[in-house]
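Working notes, structure below.
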There are 4 protein chains.
Amino acid sequence: MRRLRPPEASGDRTLVAVIGGSAPTPEEAVAAEAVGRALAEAGAVLICGGRGGVMEAACRGAKTAGGITIGILPGTDRREANPYVDIPIVTGIGVARNAIIARTAQAAVAVGGSYGTLSEIAFALAFGVPVVGLGTWAVQRQGHPPAPIAYAATPEEAVAQALALARHGG
Amino acid sequence: MRRLRPPEASGDRTLVAVIGGSAPTPEEAVAAEAVGRALAEAGAVLICGGRGGVMEAACRGAKTAGGITIGILPGTDRREANPYVDIPIVTGIGVARNAIIARTAQAAVAVGGSYGTLSEIAFALAFGVPVVGLGTWAVQRQGHPPAPIAYAATPEEAVAQALALARHGG
Amino acid sequence: MRRLRPPEASGDRTLVAVIGGSAPTPEEAVAAEAVGRALAEAGAVLICGGRGGVMEAACRGAKTAGGITIGILPGTDRREANPYVDIPIVTGIGVARNAIIARTAQAAVAVGGSYGTLSEIAFALAFGVPVVGLGTWAVQRQGHPPAPIAYAATPEEAVAQALALARHGG
Amino acid sequence: MRRLRPPEASGDRTLVAVIGGSAPTPEEAVAAEAVGRALAEAGAVLICGGRGGVMEAACRGAKTAGGITIGILPGTDRREANPYVDIPIVTGIGVARNAIIARTAQAAVAVGGSYGTLSEIAFALAFGVPVVGLGTWAVQRQGHPPAPIAYAATPEEAVAQALALARHGG
């Protein structure tokens, strides 16, 4: 547990996942940082995969606004967490931890993304956790309407939508 | 371990996943059974989630052709396996077991499908395991080409493609 | 995320697991609550399985002293957390989550305990995470010395030992 | 899937785990091989962690008697299986896979063993799966009787006990 400077806030907090790959474009990294900052400013707690790229940018953004960050790490060493993770959860279960991120969050914001991100989106949809996308995957079954991913134009809009949609009470 | 009547075959076997939801349409169930039968006829071993719907239809098809079937169950009780599973692996880890199905297979055939199926497709793509689709998900990142899922017109074609694409040796 | 009233503390925090069963004796429940309180007073963050019994008593103790509590839940619903869990991590992987508790902690205090507790002790020993016991399991291989579990006489002594032994930096 | 030469047997098969460390003594390796052989001769299917040491010796013994072997691998590559594994299940979830081995088996034989073995014994006890030990862990809660592990004097006796105790039907 590093750098834990929790804000003085109290009461219920919404837990929002930021999901995205470890090799974002510069624009995606900027967007992820803005998402993290906006979540912290809104009093939400950020949960993510705890590693680099989109995850690190989002955590950095959250910490600049005094937020709390949780990293659900795939590996066996807490030192694989990026430097902006307050609470590293060391799962040791590899990418199967993506299901934990999706289940624990009350809403998810996807920024860009790799196949790992796609698996998190799929799990969130399976669990009924709302997903807001910023330049991320579109998924559609042949002969069916597209899956219910909300798409936002800006990081601030994505956070506002995610918080409005967040599933409360489990 | 029930009804294990392994064929007299010997030597290396290709392990192919059949993925799909527990509530298929009648057409999807027919297709899944044909996929299972074609896999067994080709000497492949079938791996799936071990439950009902597409999984049960595929296992039933494989057993009619004397194949071997492995069910990677999500729950804690081997009795949740469908009656055509030879080897029930009782994971107790819920849908996180989808990552195990995708990792263990050397190729995957997706029939129809739910969000759980989508998570398995995502994991297979992440792990470099070839995916062949029959009326299943199409996935695409905004501004990128579609993900490399091969689409087949018939169950037999799907199996032929999956076996041709199967990743050998890990 | 409920009742999160983080203390104003800052800087590095040690993460200590409290492990024990869901059906403790009254004495074990009293001990667990004292362990939780002592951990919080020392500025450590408490991690546990998030449910009832020893876990709930320890979280309650930690909250009376203004501590932070993390619950690594086995099931799929955040509402299975006891009311003193600040950060419920909803794993959905059942008792396999015991490995996550043991890996994430920098030290563990075992109070009484069931076979689940024994699995957590085994994982902690496997990962090199120090274990301090209060009326818990003794384990020994035939023909070998007992496994290196430190036994304490009081909750306060257990916490002091755990913090002194805590493995830092991964 | 390698070297799959399933016997011509049919009907229900008992699934028995052989658990033990990757660095056995020569005597433990000999015992593990004898356990594997005796299981195969009795028509049981062997399940294990799929790697070296006790696991490899047991699989080798089973294959010399024409048995079927399943390896529940911790890592992400099927090539980490020992050469006597017929069906490698590639979990990618690390030692959390120990819970899967314990759940899937209908009885377990522990040979020697490390802390990983101890975690498998703990899970088996938690799940009500009978455990027979050959020179393995003894576990006991302070002030309680020892945990119900059956100890055998020879590999053949261990297998006979395991098959007699095997929990059928989940």
What number comes out for the charge environment of D:ALA23, summing +1 per Lys or Arg and -1 per Asp or Glu over other residues with Cβ under 14 Å away?
-1
May I ask for the angle, rounded to the nearest 10°, between helix C:115-127 and the longest principal axis of chain C, with both axes built from Cα atoms and the value confined to 0 to 90°?
80
So, with +1 on the Cβ of K and R and -1 on the Cβ of D and E, and no other charges, what is the size of the charge dipole of chain A about its Cα centre, to the nearest 20 debye?
440
Shielding of C:70-76 by partner chains, average beta-carbon count, 10 Å
3
Antiparallel DSSP beta bridges within the protein assembly as shown, as percent of all bridges there, nearest 5:
15
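Ignore the peptide's own chain and count Cβ atoms of other chains within 10 Å of each Cβ in B:132-144; give me the average, rounded.
Partner-chain Cβ atoms within 10 Å, mean over residues of B:132-144: 5.
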Separation between Cα centres of segment C:44-79 and segment C:122-170, rounded to whole Å
20
Looks like segment B:1-140, by Cα gyration tensor root eigenvalues a ≥ b ≥ c and the a/c under 1.5 rounded cutoff (else prolate when a/b is bigger than b/c, oblate otherwise), is rounded
How large is the dipole of the protein assembly as shown about the Cα centre if only Lys and Arg carry +1 and Asp and Glu carry -1, each at its Cβ, rounded to the nearest 20 debye?
0
Tell me the mean residue ellipticity at 222 nm calculated for the protein assembly as shown from its helices only (DSSP H runs of n ≥ 4, each -39500 (n - 2.57), averaged over every residue, nearest 500).
-10500 deg cm²/dmol
The answer for the net charge of residues other than B:GLY128 whose Cβ lies under 15 angstrom from its Cβ, with Lys and Arg +1 and Asp and Glu -1, is +2
Nearest beta-carbon to the A/D symmetry axis - residue in chain A, distance in Å:
A:ILE93, 2
Using just the C-alpha positions of segment D:129-170 as equal point scatterers, what log10 of I(q)/I(0) does the Debye formula give at each q in 0.16, 0.17, 0.18 1/Å?
-0.46, -0.51, -0.56
At 25 °C and 0.890 mPa s, what whole-number value in µm²/s does Stokes-Einstein give for the translational diffusion of segment A:98-170, with Rh from the Kirkwood sum over Cα pairs?
201
Expected max-MSF residue from B:VAL129, B:VAL85, B:VAL139 in the GNM of chain B (alpha carbon, under 10 Å) is B:VAL139
How high is the relative contact order of chain B, in percent, with contacts defined as C-alpha pairs under 8 Å that are six or more residues apart?
23
For the protein assembly as shown, go through all pairs of different Cα atoms, get the mean of 1/r, take its inverse, and jot down that Kirkwood value in Å.
25.3
If we hang a label 7 Å off Cα along the beta carbon direction at D:ALA164, how far is it from the matching labels on the other copies, in nm, shortest first?
4.9, 5.7, 7.0
Which longest run of chain D has no exposed loop site in it, a site being trypsin sites (Lys or Arg not before Pro) in a DSSP loop with at most 16 other beta carbons within 10 Å, and the site itself not part of the run?
D:4-166
Within-13-Å neighbourhood charge of A:ARG103 [Cβ basis; K, R +1; D, E -1]
+2
Which residue, A:ALA65, A:ALA126, A:ALA42, tops the fluctuation ranking in a GNM of chain A built on C-alpha contacts under 10 Å?
A:ALA126
Please report the buried accessible area for the interface of B with A, total over both chains, probe 1.4 Å, in Å² to the nearest 100.
2300
At 7 Å along the Cα-to-beta-carbon direction for both C:GLN140 and B:ALA164, put a label point, then send me their distance in nm to one decimal.
6.5
Determine the percent antiparallel among the DSSP beta bridges restricted to segment D:24-170, to the nearest 5.
5
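How much of the accessible area of the protein assembly as shown, probe 1.4 Å, is carbon plus sulfur, in whole percent?
So the carbon and sulfur contribution to the accessible surface is 54 percent.
The values are calculated or read from the model by the stated rules, or taken from the named source; none is laboratory data. This structure is a prediction, so every number in the text was calculated from the model and none was measured. All Cβ positions, glycine included, derive from the backbone under ideal geometry; neighbour counts span all protein chains shown. Only protein heavy atoms, including side chains, enter the accessible area calculation; ligands, DNA and RNA are left aside. Shrake-Rupley method; radii C 1.70, N 1.55, O 1.52, S 1.80 Å.
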